Amino acid sequence: MLGYAGKILRVDLSSGSFKIEPLSDQMVKSYIGGNGFGVRILYDEVPPKIDPLSVENKLIFVTGPLCGTPVPIAVKFGVFAKSPLTGILGESYSSGFFSEYLKKAGYDVLIIEGKSEKPVFLKIFDDDIKLCDASSIWGATCWDAEDILRSDLGEKRLGILSIGPAGENLVKFACITSDRYRQAGRCGLGAVMGAKKLKAIAVHGSSRIEVANPDGVLEVAKGIVEKSKSARIEHHRVYGTLGTLEIANAQEALPTRNWTYGFFEKAENVDAEYMLRNTFVRDVGCLNRCPIKCGKYNVVKDGPFKGTAIVGPEYQSTYALGPNCFIDDLKAVIKANELCDKLGIDTITGGCTVAFAMECFERGILSEEDLGFKLRFGDSEALMRLLELIAYRKGIGNLLAEGSKRASEKLGAEALAVHVKGLECPGYDARVLKGTALQYAVSSRGACHLRARAQVPELTGAIDRLEIEGKGKLVKEREDLFTLFDSLIVCKFALPIFELSDITKAYNYVTGIALNEKELLMVGERIMNMERLFNVREGVTREHDTLPKKILSHPNQGLVTSKEELNIMLDEYYRLRGWDLETGKPTVEKLRELNLL
Ligand code: SF4
């Protein structure tokens, strides 16, 4: 099985035992890896309608066939579980050495099941697999826990995943931190880890991943390094993801003040130019290997947050902790981002939930008495105070730790919570980007900007952002393509220099399995349908493929994405997907075509 380690490691926290199972040929051919493995295992092994924080949920960590090979953008891993935030498919990706070392230790997939009685961490050093007592690091921040493990374990070459206080306290949007500066942020999978009393996973592996055509793989790797210098990816390389802020703001597509506006007047205080002038220190490539190096290491050099240092902030974190909370101070955003990373909070849901609470305060739905302090838009001190309360579930933080959907239902403020299926919306204003609106409505994990990346052609003007015709096709085709990226697993930001033809070559050279472009896209489509089947089993129907009230009826530039517009786009999308127009379920014919029946 070239390109794969060929094994699954299954760890049962209840009994403290583990098993090694073979990865089947059929799994490899039908699902490739990454999200394909994640959703198939989740569907087969996790019973429907379980409580995501119960012992029955499983946490599935996946790699892909390109991980651990010289392909320099295959630096990510995926995590899957039923999400405690949304109650549907939970999936999240992050960079880190975990992926490469897990594979080099001999495993393509790690399945965590059961629940430990006391805090533990999992050590995987090749075939030395142990559950170790973690009581001394339980309660520590992600960064402190990682530092302690790195110094205690006597091995420098480690991939470490950890949760912080938010995960331990079952905050529904707790993230999993990877090698300090990267996070599997979305869907609250850190809370699943916390419910299992698993504080961290430390992995080291030393074997080689054999590939079918080593020269071919090196040629692909060299091509990526060469093309990473080209103009096609220059903007991303120079400005990182934060470069998007200026572009989104220029199109009035930067959600501001809890989605009250799509334009932030003080954007120049939080944009990439400001970062480069004031806090930027150096470029960072994932695993010190990716030549695009879109990570930006920033240090605050003066003022109250002096000394704060992170890789970031990324665009999404800046939107959520900055303009959406009406905060115009990038140094404060960096500090809030660092706080989220240490406490183990997803910056998007964390920032958006605080923005929601700020609007509740401004409208008198939450009072100073409820909060213990004033929570005005633009108040960065209040933002950070509230993030701490959330992580420790103290005071009002206990309610907000449930995410904006549940909190809004308790407060009778549903119209102010900006989410789809319980997942808070990323920072692209779906009132003025119609394909983006559709992708939020249909994405498998709730409002997601990564599955179709429909915002890219819309923001760059490659297509008409206000046109609704053709957006079903756009989202469907891009979902299949990026699902393929997530099965391999390669970084989606590399698309301008790693197109379908390159992917096909890389896959064939690594695995020796001769699939052409069409066949690979069909695997993407199969995985998309598996994700839908998982969600349908949890009760998702067409009715749930909708948008928050702020997008449907609160105008930006006089525009909304209306229910009528959404319905037209949904019809086109479902037709192309082969899903029933009324229920949104995959049809029998489609499932047969994809060998899922
Ligand atoms: S493009 Fe950026 S996020 Fe992607 S692998 Fe390279 S450095 Fe990491």
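Coupling constants for the range 293-300 follow from the phi torsions by the Karplus curve (6.51 cos²θ - 1.76 cosθ + 1.60, θ = phi - 60°), and in residue order they are 6, 7, x, 10, 7, 10, 10, 6 Hz; glycine and proline get x.
Taking 4 °C and 1.567 mPa s as conditions, the range 376-442 diffuses translationally at an estimated 97 µm²/s according to Stokes-Einstein applied to its Kirkwood radius (Cα pairs). Projecting the Cα atoms of Val55, Phe263, Val490 onto the charge dipole of the chain (Cβ charges, centred on the Cα centre) puts Val55 farthest toward the positive pole.
For Lys58, the aspartates and glutamates whose Cα comes closer than 17 Å to its Cα, not counting residues fewer than 8 places off in the same chain, are Asp12, Glu21, Asp44, Glu45, Glu91, Asp108, Glu113, Glu117, Glu168, Glu531, Glu538.
Of all trypsin sites (Lys or Arg not before Pro) in the range 306-373, which ones are in loop regions per DSSP and have a Cβ with at most 13 other Cβ atoms within 10 Å? Within the range 306-373, the qualifying trypsin sites (Lys or Arg not before Pro) (loop, at most 13 other Cβ atoms within 10 Å) are Lys306, Arg363. Under 5 Å between amide hydrogens, built in the peptide plane, is the criterion, and for Phe125 it picks out Lys130, His204 among residues at least 5 positions away or on other chains. Gyration tensor over the Cα atoms of the range 251-299: the corresponding equivalent ellipsoid has semi-axes (square roots of 5 times the eigenvalues, largest first) of 28, 14, 8 Å. Listed values for the range 444-453 are Karplus-derived 3J(HN,Hα) couplings in whole Hz (6.51 cos²θ - 1.76 cosθ + 1.60, θ = phi - 60°), namely 5, 9, x, 4, 9, 9, 9, 5, 10, 6, and x replaces Gly and Pro. Taking the charge dipole of the range 55-181 about its Cα centre, with +1 at Lys and Arg Cβ atoms and -1 at Asp and Glu Cβ atoms, the residue from Ile73, Ile124, Pro165 reaching farthest to the positive side is Ile73. Residues whose amide H lies under 5 Å from that of Leu423, counting only those 5 or more places away or on a different chain, are Ala447; hydrogens are built 1.01 Å from N in the peptide plane. With respect to the cross-link table entries Lys19/Lys115; Lys296/Lys335; Lys49/Lys476, which display a Cα-Cα separation exceeding 18 Å? Pairs exceeding 18 Å: Lys49/Lys476.
With 26 Å as the cut-off, how large is the P(r) tail for the range 228-424, expressed as percent of Cα-Cα pairs? Present the calculation step by step, with values, prior to reporting the outcome.
Numbers: 6105 of 19306 pairs.
Tail of the P(r) past 26 Å holds 32 percent of the pairs.
Starting from a Cα-only point model with no solvent, please compute log10 I(q)/I(0) by Debye for the range 166-215 at q = 0.19, 0.20, 0.28, 0.32 1/Å. Those come out to -0.64, -0.68, -1.02, -1.18, one per q. Note on the range 1-160: Kirkwood radius taken over Cα pairs, Stokes-Einstein applied at 4 °C and 1.567 mPa s, translational D equal to 79 µm² s⁻¹.
Once the convex hull of the alpha carbons of the chain is built, what does its volume come to per residue, in cubic angstrom?
Here the figure is 132 Å³ per residue.
Apply the a/c threshold of 1.5 to the C-alpha gyration tensor of the range 150-258 and tell me whether it is rounded, prolate or oblate. Because a/c hits 1.5 or more and a/b fails to exceed b/c, the range 150-258 counts as oblate.
Measuring nothing but alpha carbons in the range 352-507 and taking Rh as the Kirkwood radius, the Rg to Rh ratio lands at 1.09.
For n ≥ 4 DSSP H runs only, could you compute -39500 (n - 2.57) per run for the chain, divide by its residues and tell me the 222 nm figure to the nearest 500? Walk me through the numbers before you get to the answer.
On the way: 25 runs with 240 residues, N = 597.
Only helices count here, giving -11500 deg cm²/dmol.
For the range 228-424, the residue among Leu287, Ala332, Thr318 whose Cα projects farthest onto the positive side of the dipole built from Cβ charges is Leu287. Shown in residue order for the range 473-485 are the 3J(HN,Hα) couplings computed by the Karplus curve 6.51 cos²θ - 1.76 cosθ + 1.60 at θ = phi - 60°: 5, 4, 5, 4, 5, 6, 4, 4, 5, 6, 5, 4, 3 Hz (x for Gly and Pro).
Averaging over every viewing direction, what projected area does the convex hull of the Cα atoms of the range 212-315 cover, in nm²? Spell out each step's value before the answer.
Values: hull surface 35.8 nm².
Directional mean of the projected Cα hull area for the range 212-315 stands at 9.0 nm².
A short reminder: the numbers here are calculations on the coordinates, not readings from a lab. Bear in mind the structure is a predicted one, so any value in this text is a computation, not a measurement. All Cβ positions, glycine included, derive from the backbone under ideal geometry; neighbour counts span all protein chains shown.
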